[in-house]
1. From the list B:PHE491, B:PHE481, exactly one residue is assigned to a helix (DSSP H, G or I) and either farther than 16 Å from B:ARG576 by Cα or among the aromatic types (Phe, Trp, Tyr) (or both). Which is it?
2. Evaluate segment A:230-239: report whether one residue or more is touching a His at 6+ places or on another chain (Cβ under 6 Å) and polar (S, T, N, Q).
3. Only residues that are more than 25 Å from B:ARG334 (Cβ to Cβ), away from chain A (no Cβ under 14 Å) and surrounded by fewer than 24 Cβ atoms within 10 Å (Cβ to Cβ): list them for segment B:495-551, please.
4. Contact list please: Cβ distance under 8 Å, first residue in segment B:494-511 and free of Cβ contacts under 8 Å to residues at least 40 places away in the same chain and in the same structural domain as B:ASN337 (by TED's automatic domain parsing), second residue assigned to a loop (DSSP other than H, G, I, E, B) and of a type in the set (Lys, Arg), pairs at least six apart or on different chains.
5. When B:GLU564 is evaluated against the numbered criteria (1) more than 14 Å from B:PRO529 (Cβ to Cβ); (2) at pLDDT 95 or above, which criterion, by number, is the only one it fails?
6. Does segment B:90-109 contain any residue that is in a loop (DSSP other than H, G, I, E, B) and either within 15 Å of the ligand (Cβ to nearest atom) or closer than 22 Å to B:THR215 by Cα (or both)?
7. Could you list, ordered by first residue, the pairs with Cβ atoms under 6 Å in which the first is in segment B:227-256 and assigned by TED's automatic domain parsing to the domain that holds B:GLU34 and in contact (Cβ under 8 Å) with a residue 12 or more places away in the chain and the second is more than 12 Å from the ligand (Cβ to nearest atom) and among the small types (Gly, Ala, Ser), at least 6 apart or interchain?
Amino acid sequence: MSCKDKGEPVLVYLPKENNNDESARLLAWRVAAGTRVTAGQALAEFETSKTTFELYAPVEGIVQYRHRDGDEIAVGSLVCLVSEDGRAAFPEEPPKKAAAVQTTPPVVAAAPQPGLAVGAFMSREPVAQGRRFSARARELLSRHGLDPEQFAKRGLVRAQDVLACLPVPAEATIPGEARSQKGPQNTRILGPAAGVPYRTEQISRSKRLEIAFLRSGSQHTLPSAVTLTCPTRGLRAAAERAGMSLSAVLVYEAGRLLQKFPAFSSFFADDCHHFYQEVNIALAFDAGQGLKTPVLRRADAKSLQELEGELRELMVQYLNDELAVESLAGGTFTITDLAQEGAAFFSPLINQGQSAILGVGAELFAPEQSQGWFHLILAFDHQLSNGREATQFLVELRRRLLAYEQAWGGVHREEPFCQHCERTLSTLREIKAHLVEEVRPDGAKGQVCSLCLRGL
Amino acid sequence: MSEEATIADEEPRGGVAGPLAEHYAKAVLIRQVEQTLLDLFAKGELFGTVHTCIGQEWTGVAVAAHLRRGDVVFSNHRCHGHYVAITDDVEGLVAEIMGRQSGVCGGRGGSQHLCAEGFFSNGVQGGMTPVAAGMALALKRSSNDNIAVAFIGDGTLGEGALYESLNIASRWQLPVLIVLENNLYAQSTFQPQTLAGGILARPAAFGIPTLEANTWQPEDLLDKTLQAVEQVRRTRGPCFLRVDTYRLMAHSKGDDTRDPQEVQRHWQRDPISVFLEAHAADGAKMQRTALERVAAAVEAARRAPFTAPLPEPPTGAVDQLPQWRPAELPAGDRVVNCIHDALRRNMERDQRIVLIGEDIEGPYGGAFKVTKNLSAEFPGRVFNTPISEAAIAGLGNGLALAGLRPVCEIMFGDFLTLAADQFINHAAKFRYMYNNQVQVPLIIRTPMGGKRGYGATHSQSLEKHFLGLPDTQVLAIHHRFDPGVFYDRLFAGVDRPTLVIENKLLYGVRVGGDRSDGFALEYTSDPLPTTRLRPEGVLPDLTIVCYGGMLPDVEKAVDALFEEHEIACEIICPMRLYPLDLGPILESVLKSRRLLLVEEGLGFAAFGAEVAAQILEQAPGAIEVMARIASPEHPIPSCGPLEKELLPGEKQIIQRAR
Ligand SMILES: Cc1ncc(C[n+]2csc(CCOP(=O)(O)OP(=O)(O)O)c2C)c(N)n1
């Protein structure tokens, strides 16, 4: 059928895809306005909280539309029209329908998906009329000589809000500050790392709804953490024997991994996922002079030697209490190594403007045993990533660290072993398993046992 | 045997002359109705049970003989005879008891709960006597000569509400006739076992004139009822008529433990049997007419549909989010003065408003001074009662049935328990069981709450016991919504029994006083709105739900929680505790995911528990953390510091919120 038959334009409305969504986001037009389409041709792609779907041309003709990519369109409202000459007049939207979508937020029925409603509530909040500082916020204002007027019509203003407005994010970027308090709100991300450019990607609608749902009243991060146990026969001792700094190795490898896992060098704000376009690794350390997090800029682009040199330099500055303010700012990811203190497991707090922090625990050995283990902990913002990705990051890092250990001669294996579960060949025999050779995508060779192979 | 238990042994008179014939015909009709009902019961066509008046028919007939249009009758469980005698509505009665839509109450009320113009029965012994007194008060105010009549049984002489009513009826000289049907038994209990002293000595002690008659001498009974009715009509004061009689059938069904010989003796002197024997021809005709009429009524009822199904009950599901409007509430007067001014303003505007309570007249003006000066300003509309909470509420019920707007004050909320029967079993039931023939726009105000050292029986918050009664509402005022406006709106719209929870400490608080910066005050669009204190510019970390007198404490806690702990709380303070609009609470919880429920009363099965349950039902995933703050399960100590320690306050809220 063509619209010629009737001579009237055919109106294409947005269908209702599910019971949750009163509207859908127009992801992209598949045809330019004014294009002639055939019946059944895809016109546009939409996204609801559950899925994406395509809208097809009901008839042949020329498409006219006014909506743009990214628009949120109410279910049942006009998407486009298809006419013979492409010059049909747009009908008046029935005002009731449009109004209904805007003013009546989704109903919070007995539905177990209140996520939808949450999204609705957030946009319903009126603008603040006044402002109110907490005691800590007031103290910070006076300490930094900030003008309270800066916060006019901001409503409730907390310490973190004031910190976010400091020209140099001095104490705000120091995790020690955050650590000295309790409560999840201290890990909130407020703004990007000062002076670091970034690119911005829209967060998908369904992800935003998930976020809205999971958000526990605290506005900024949803901290989560993954821990991985690493087998070792003495990585630290091996590094020392080889005259290498384990910190530098961690910065070096993490820097490279972050290129692969950009979600951990990013931040969440205004319902968007912002990715840093530099990898600047902050290394939290405390050698008795107070906790500081100097930043190794562009860690992903530097050699191990360069990083080692820089680290040594920073260490000297730290001990002389000479660390420049600039060297403390701009971190996009943090590593905290509490092995010195003997902490085997801990939960690091995500720093402001970041989305993840890597914790490295102390090595543990049972008495008389050469085979021990340590923990790698990745605390991350669940709004921007998930446990699976965090685990992948850690698995990859563990593999690399094990490679160093082997290279430095820390591991003297008398017999072959599975590089995933660390069971030796003799142990495997006892449980009627065996080893096979494995070639990884990067070409490296190794052994994997039949149990892990099945599991993988 | 006491004087009261002696069965009058006069010879029944057999003869019947002109005017008597009609009354006999009525008595015969009533007996036929009752016998048919027993048949229907045996056939399983009735619901529940019936209390027949076989043997006592003449009481209703005699009283009805002297009543006029505009008189109002209150009856009890044994009410069929009274009803037919007064209304002649056999058809409505039979259909009612058969559970049909064509019944006088649409089948909703049944045997004990009948209502027609000027007739109300309820199956709570003695409960209707203060209601009758209230109606009599209304009748007295509307300068006509109508009277109220209350039928009671001799077993009901044990009910306290009766004496509260007699006292008030006499003290206030209310035109109410109490008719006691003295049949010597209460269900299975023989009178001497439970009755001390004399029967007539009781009304006499209250200064109420008394009369005596019996059903074996119908002509004398007619005389005496005439005297009694005329006495009340003329003097506009009460009268007590004792009618000795005997119930010839079981109390209800199959529950007769009396000596069969005793019952048999009474059958032999039964005035109706005697009459039918003496006037065989006339009597047979009367019986036939009655039988035909009742049979036709049964047939008609059988064809009628059963009681209309209930309207869909509200699901309680939130289907609309609240619309919030910014509140304008300039600092105003103290809460107590706002209530006082609103009462005065509305009494000026609406003549139907009357105030009833203990010590409420000037110059005292109520224990908390809410009604100061009103008795002087509105003479005859502010009533100091004796210490009779059941009667206070019952009077309110009677006045409300008469179309007035009674406002009852219960001096301490703790004593609401004494008025509970009137609220729960009378006020809350009338509209439904009388099939929408009446409304009960009754307002009961009472202060709840502790922290004044009044001790365990004067400090409680007992509202939880009154929540959830269909057809009622429970409202709690607070200082963030002008209580004056609250009462203006309540008077403008009251259509059901309403309990208003005030709070002792709140009385002295200034309406709209100092408020924390950074929080927006907003109302829903409900005329009696839910109030919200919304943290501006941020999403709340925590939702705190509270009501009434808890609000000032919660506000202080919320201020400190932000000031010192940077926790942003949103307060949701409903005014309507029941029926509850969950929407505002649910909305807030969906933002904060954390809920703290605060109330001053005991927490077990209380408001907070209900809110929590509803939230869990409607949005199971919405809450991450939930906690309740309420009084620990402990009586309230009088000692100030101990009481403060025990009752929820700012400190507990801060501790819990963190
Ligand atoms: C407040 C209350 N308590 C108990 C009952 C149960 N009950 C129904 S009738 C009845 C006996 C009433 O005796 P009486 O007042 O002498 O009236 P009668 O049955 O003799 O007509 C009782 C105890 C009731 N209906 N109301």
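The values are calculated or read from the model by the stated rules, or taken from the named source; none is laboratory data. Bear in mind that the values here come from a model prediction, so they are computed numbers and not experimental data. No Cβ is skipped: glycine too gets one built from the backbone with ideal geometry, and neighbour counts run over all protein chains shown.
1. Numbers: B:PHE481 fails: assigned to a helix (DSSP H, G or I).
Residue meeting the stated conditions: B:PHE491.
2. Taking segment A:230-239 as the starting set, the residues that turn out to be touching a His at 6+ places or on another chain (Cβ under 6 Å) are none.
There is no residue in segment A:230-239 that is touching a His at 6+ places or on another chain (Cβ under 6 Å) and polar (S, T, N, Q).
3. B:ASP495, B:ARG496
4. Short answer, once both residue conditions are applied: none.
5. Failed condition: (2).
6. Narrowing segment B:90-109 to residues in a loop (DSSP other than H, G, I, E, B): B:98-99, B:101-109.
Then drop every residue that is not either within 15 Å of the ligand (Cβ to nearest atom) or closer than 22 Å to B:THR215 by Cα (or both), which leaves B:109.
Among the residues of segment B:90-109, at least one is in a loop (DSSP other than H, G, I, E, B) and either within 15 Å of the ligand (Cβ to nearest atom) or closer than 22 Å to B:THR215 by Cα (or both), which makes the answer yes.
7. Every condition considered, the pairs that remain are B:PRO238/B:ALA169; B:PRO238/B:SER170; B:CYS239/B:ALA228; B:LEU241/B:ALA228; B:VAL243/B:ALA213; B:ASP244/B:ALA8.
Residue-by-condition table, conditions (1) within 17 Å of A:SER385 (Cβ to Cβ); (2) acidic (Asp, Glu); (3) under 14 Å from the mean Cα position of the chain (by Cα); (4) buried (at least 20 other Cβ atoms within 10 Å of the Cβ):
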site: A:VAL226; (1), (2), (3), (4): yes, no, yes, yes
site: A:ALA238; (1), (2), (3), (4): no, no, no, yes
site: A:GLY243; (1), (2), (3), (4): no, no, no, no
site: A:ALA254; (1), (2), (3), (4): yes, no, no, yes
site: A:PHE261; (1), (2), (3), (4): yes, no, yes, yes
site: A:SER266; (1), (2), (3), (4): yes, no, yes, yes
site: A:HIS273; (1), (2), (3), (4): yes, no, yes, yes
site: A:GLN289; (1), (2), (3), (4): no, no, no, no
site: A:LEU296; (1), (2), (3), (4): no, no, no, yes
